[in-house]
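The values are calculated or read from the model by the stated rules, or taken from the named source; none is laboratory data. Keep in mind the model is a prediction, meaning the values are calculated, not measured. Backbone-built Cβ (ideal geometry, glycine too); neighbour counts: all protein chains shown. Ligands, DNA and RNA are excluded from the accessible area calculation, which covers all protein heavy atoms including side chains. Shrake-Rupley method; radii C 1.70, N 1.55, O 1.52, S 1.80 Å.
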Amino acid sequence: MLPPVLALLALALAHTASVALVVAAAAGGVLLSTIAMRRLARRTSRHLERLNAIADALGRASSPPHLRPTGGGSLDLVEQRLTLAADAVIKQSRSLAEQSAEFEAILRNMSEAVVLTGARREVILLNRAAHEMFGLPPAADYRGRDLVELCRDPALQNFVRRADADPVSGEVAMQLPSPRALEVSAAPLRHTSMPGARVFVFRDISRLKSYETMREDFIANLTHELRTPLTALYGYAETLQKGVEDPATAQRFLGIIERQSRRLARLLDDLVSLSDLERGLTPLKLEPLDAARVLAEAAELMVGEAHRRGISLEVHGPPDHLALLGDRDRLHQVLVNLLDNALKFTPRGGNVVLAASPRPDDRLGAGVELVVADTGDGIPASHIPRLTERFYRVDRARSRELGGTGLGLAIVKHIVQLHSGLLKIESQVRVGTTVRVWLPQPPAAGS
């Protein structure tokens, strides 16, 4: 047996070793825990960074490649699902943005005025055409204001009030801010987040209405113009067929038939000529022409008529050679029609002047101005804008008495337009009328 002292020493050493083992084990556990916690912290930090990147991508509507995780842990699966959801949201957001841009582009470029209103008729949006139609400042913001504030026209406001209940459409003759005819429709927007919202579409049909009026006037005027000579031909031919004993009376009737036949032939010729011009079936033979010669040839055709009517016809040609670009036959037709009108409406003893001079245009460049001026009765200012309409006459009875077809100035207008020229009519009552035709000059040689 060991002595007591040695036994105590052995027991102390054993206890110390046990404590050391415990301390070592505890230290190892702390170290492992620390390492594990650091790894967990790093993984958590990486996940948080990636989740933060997902949130940033959603904010920027972008999906960079680094947002796609590859791990298999629970957080990795959550991150992956969030990434896929973010991609779907981003794609949908981009699609909605593209659709919104397309819608705005369509709305902005529509010729029709479009106004979207809420349940209380407050304006939610309106396009550029609406600003123009109602005379609104382009930069003004009318959102939130009542629709009737856009236009104070009573007819339009009545239509807006009628559109409160059901879809409605119709035509409105608007006077403010300017007279025009509108085709208007209003309909509620279904299945939207804005209950009571309505869309109004305003289409300007003023030009269409004008064309319809012109077509109706043309048909009515043409019918009347054809009926007048045909009635005369029928009546006098029937009378001669029954027998007229007086030779002088028979000759007078035959003279009337001849004049009406010629008038009908002129009318048909003018109609065919005007139709060909309007449809572009009259090709021009453009060539450099001497303005003085063009004037002289046209005056030569009309000098006999001027002498018969007792009217002085003067030709004021340019002092030097002046070239213009045109079709000789068509320009003769223009000048003869203008001279014929001037002679018809100038009283005996009056004066008609035919002139030409160089006259550059600020927009179109060098050109020649042909002028036909008379000392006739003149034309009231209110009639001048309509003089080139087919069959339009200031004094219908006198025009028919003088043998006009009412198509001369319409033909002149189309021939001038085909020459890329300009037509201007100036007149003063009891003073006279001046018609100016501007035509381009041919380019200089070598240019």
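If you go through segment 249-269 and keep only what is within 21 Å of residue 388 (Cα to Cα) and open to solvent by less than 40 Å² (accessible area, probe 1.4 Å), you end up with 263, 264, 267. Filter segment 315-333 down to residues that are modelled with pLDDT under 90, of a type in the set (A, V, I, L, M) and closer than 27 Å to residue 274 by Cβ and give me whichever is surrounded by the most Cβ atoms within 10 Å (Cβ to Cβ). Checking each candidate, the answer is 324.
Okay, residues lined up against (1) at pLDDT 75 or above; (2) assigned to a strand (DSSP E or B); (3) on the phi > 0 side of the Ramachandran plot; (4) open to solvent by 80 Å² or more (accessible area, probe 1.4 Å):
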site	(1), (2), (3), (4)
142	yes, no, no, no
156	yes, no, no, no
159	yes, no, no, no
164	no, no, no, no
171	yes, yes, no, yes
187	yes, yes, no, no
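A Cβ distance below 8 Å, combined with a sequence gap of six or more or placement on separate chains, defines the contacts here; from segment 353-366, residues that are on the phi < 0 side of the Ramachandran plot reach residues that are in a strand (DSSP E or B) and surrounded by fewer than 14 Cβ atoms within 10 Å (Cβ to Cβ) in the pairs 353/314; 354/314. Take the residues in segment 270-314 that are out of contact with any Asp or Glu (no Cβ under 8 Å at 6 or more places or on another chain) and among the basic types (Lys, Arg); name whichever of them is least open to solvent (accessible area, probe 1.4 Å). Looking at the filtered set, the residue picked out is 309.
A count restricted to segment 378-412 and to residues that are at pLDDT 75 or above, part of a helix (DSSP H, G or I) and surrounded by fewer than 18 Cβ atoms within 10 Å (Cβ to Cβ) stands at 6. Among the residues of segment 131-151, just one is in contact with an Asp or Glu (Cβ under 7 Å, 6 or more places away or on another chain) and touching a residue at least 40 places away in the same chain (Cβ under 8 Å), namely 133. Can you find even one residue in segment 355-369 that is part of a helix (DSSP H, G or I), of a type outside the set (Ser, Thr, Tyr) and over 32 Å from the mean Cα position of the chain (by Cα)? No, because not a single residue in segment 355-369 is part of a helix (DSSP H, G or I), of a type outside the set (Ser, Thr, Tyr) and over 32 Å from the mean Cα position of the chain (by Cα).
Pairs are defined by a Cβ separation below 7 Å, a sequence spacing of at least 6 or placement on different chains, a first member in segment 171-183 that is touching a residue at least 60 places away in the same chain (Cβ under 8 Å), and a second member that is in a strand (DSSP E or B) and open to solvent by 40 Å² or more (accessible area, probe 1.4 Å); no pair meets this definition. Among the residues of segment 189-208, those identified as modelled with pLDDT under 80, of a type outside the set (A, V, I, L, M) and open to solvent by less than 70 Å² (accessible area, probe 1.4 Å) are 192, 196. All of 182, 176, 222 fail the test of being at pLDDT below 75 and within 23 Å of the chain's Cα centre (by Cα), apart from 176.
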